[in-house]
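Enquirer: I have a structure I would like to understand better, so I am pasting it below and will then ask my questions one at a time.
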Amino acid sequence: GAGVSQSPRYKVAKRGQDVALRCDPISGHVSLFWYQQALGQGPEFLTYFQNEAQLDKSGLPSDRFFAERPEGSVSTLKIQRTQQEDSAVYLCASSPRQGENYGYTFGSGTRLTVV
Amino acid sequence: TQLLEQSPQFLSIQEGENLTVYCNSSSVFSSLQWYRQEPGEGPVLLVTVVTGGEVKKLKRLTFQFGDARKDSSLHITAAQPGDTGLYLCAGAANNFNKFYFGSGTKLNVKP
């Protein structure tokens, strides 16, 4: 497709449940990013991929969070044993390559609610 | 703690008014971007500024990057209801592998 596609759009999980969030970046985009946006806040960096390599995962809040991009295109963010504080919108963005002139194209996000 | 502070947090104005929103930091950024986000959607890139002192115009929107590359402003002339949204600034880390976002300015333009 023309844009970044994320699924599901909404996810309600019971506390302790595992979830998987999917991101389909723009075809050919080398860089892929995951951000977490809490209500009323700006997005916060989680992790960055260049092709299939995860070059920065410094923003992942705990070892319950795991991201992968095995073939350098689609990426999955997995959260194990979800907690209420994980409730947020998870945004995926892609960029043609790393560099100052390449802005992100964001998807619409997955809104995760942990009950 | 946010690296980038945006002000004001909320702004409600009448159609036709002018406004300025600010993005400030004690850190120097390689580049700074402005995004607009509507409810239920991801942020949409408006502009990237790279050089200290740079001014960019996008129709009724004027963006300025501070000389020291620590701050930026967005000025909207003759605001319209379609300008309503959350305006976010984002500063690039040196290697551009991440952006640090501010908390945003929520703008409401009343008809």
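Enquirer: I need every pair where a residue in segment B:86-98 that is without any contact (Cβ under 8 Å) to a residue 40 or more places away in the chain has its Cβ under 8 Å from the Cβ of a residue that is among the aromatic types (Phe, Trp, Tyr), sequence separation at least 6 or different chains.
Expert: Between residues of segment B:86-98 that are without any contact (Cβ under 8 Å) to a residue 40 or more places away in the chain and residues that are among the aromatic types (Phe, Trp, Tyr), the close pairs are B:97/A:48; B:98/A:33; B:98/A:45; B:98/A:48.
Enquirer: Which of the residues that make up segment A:77-107 are more than 21 Å from residue B:45 (Cα to Cα), open to solvent by 20 Å² or more (accessible area, probe 1.4 Å) and part of a loop (DSSP other than H, G, I, E, B)?
Expert: Correct list: A:80, A:81, A:83, A:87.
Enquirer: What strands (runs of 3 or more DSSP E) lie completely within chain B and have 3 or more residues being of a type outside the set (Phe, Trp, Tyr), facing another protein chain (nearest Cβ under 9 Å) and open to solvent by less than 20 Å² (accessible area, probe 1.4 Å)?
Expert: Counting at least 3 such residues, we get B:85-92.
Enquirer: Then there is this: Cβ-Cβ under 6 Å, sequence separation 6+ or interchain: first residue in segment A:28-54 and in contact (Cβ under 8 Å) with a residue 12 or more places away in the chain, partner open to solvent by 60 Å² or more (accessible area, probe 1.4 Å) and among the hydrophobic types (A, V, I, L, M, F, W, C). Which pairs?
Expert: These pairs meet every condition: A:48/A:55.
Enquirer: Follow-up question, since we're still on this one. Kindly establish whether residue B:58 is aliphatic (A, V, I, L, M) and either in contact (Cβ under 8 Å) with a residue 24 or more places away in the chain or under 26 Å from residue A:57 (Cα atoms) (or both).
Expert: no
Enquirer: Then there's this: Looking only at segment B:1-21, how many residues end up being in contact with a Pro (Cβ under 9 Å, 6 or more places away or on another chain) and without any contact (Cβ under 8 Å) to a residue 60 or more places away in the chain?
Expert: 0
Enquirer: Also, I was wondering about something else. Give me a count of the residues in segment A:9-34 that are under 15 Å from the mean Cα position of the chain (by Cα), open to solvent by less than 50 Å² (accessible area, probe 1.4 Å) and under 21 Å from residue A:86 (Cβ atoms).
Expert: The qualifying residues number 6.
Enquirer: Spot the failing condition for residue A:43; the list is (1) under 21 Å from residue B:38 (Cα atoms); (2) open to solvent by 60 Å² or more (accessible area, probe 1.4 Å), and only one is missed.
Expert: Every condition holds for residue A:43 apart from (2).
Enquirer: May I ask you to list the residues in segment A:46-64 that are small (Gly, Ala, Ser), within 14 Å of chain B (Cβ to nearest Cβ) and open to solvent by 30 Å² or more (accessible area, probe 1.4 Å)?
Expert: Across segment A:46-64, the qualifying residues are A:53, A:58.
Enquirer: Next question, about the same structure. In this structure, is residue A:111 within 14 Å of chain B (Cβ to nearest Cβ), open to solvent by 20 Å² or more (accessible area, probe 1.4 Å) and in a loop (DSSP other than H, G, I, E, B)?
Expert: no
Enquirer: Identify the residue in segment A:75-114 that is of a type in the set (Val, Ile, Thr) and within 13 Å of the chain's Cα centre (by Cα) and, among all such residues, is modelled with the lowest pLDDT.
Expert: For segment A:75-114, the residue satisfying everything is A:105.
Enquirer: Now for a different question. Go through (1) touching a Phe, Trp or Tyr at 6+ places or on another chain (Cβ under 7 Å); (2) at pLDDT 95 or above for residue A:63 and report which single condition fails.
Expert: Every listed condition holds for residue A:63 apart from (1).
The values are calculated or read from the model by the stated rules, or taken from the named source; none is laboratory data. Just so it is clear, the model here is predicted, and its values are computed rather than measured. We place every Cβ from the backbone using ideal geometry, glycine too, and count neighbours over all the protein chains shown. Areas reflect the complete protein model, heavy atoms only, side chains present, ligands, DNA and RNA absent. Shrake-Rupley method; radii C 1.70, N 1.55, O 1.52, S 1.80 Å.
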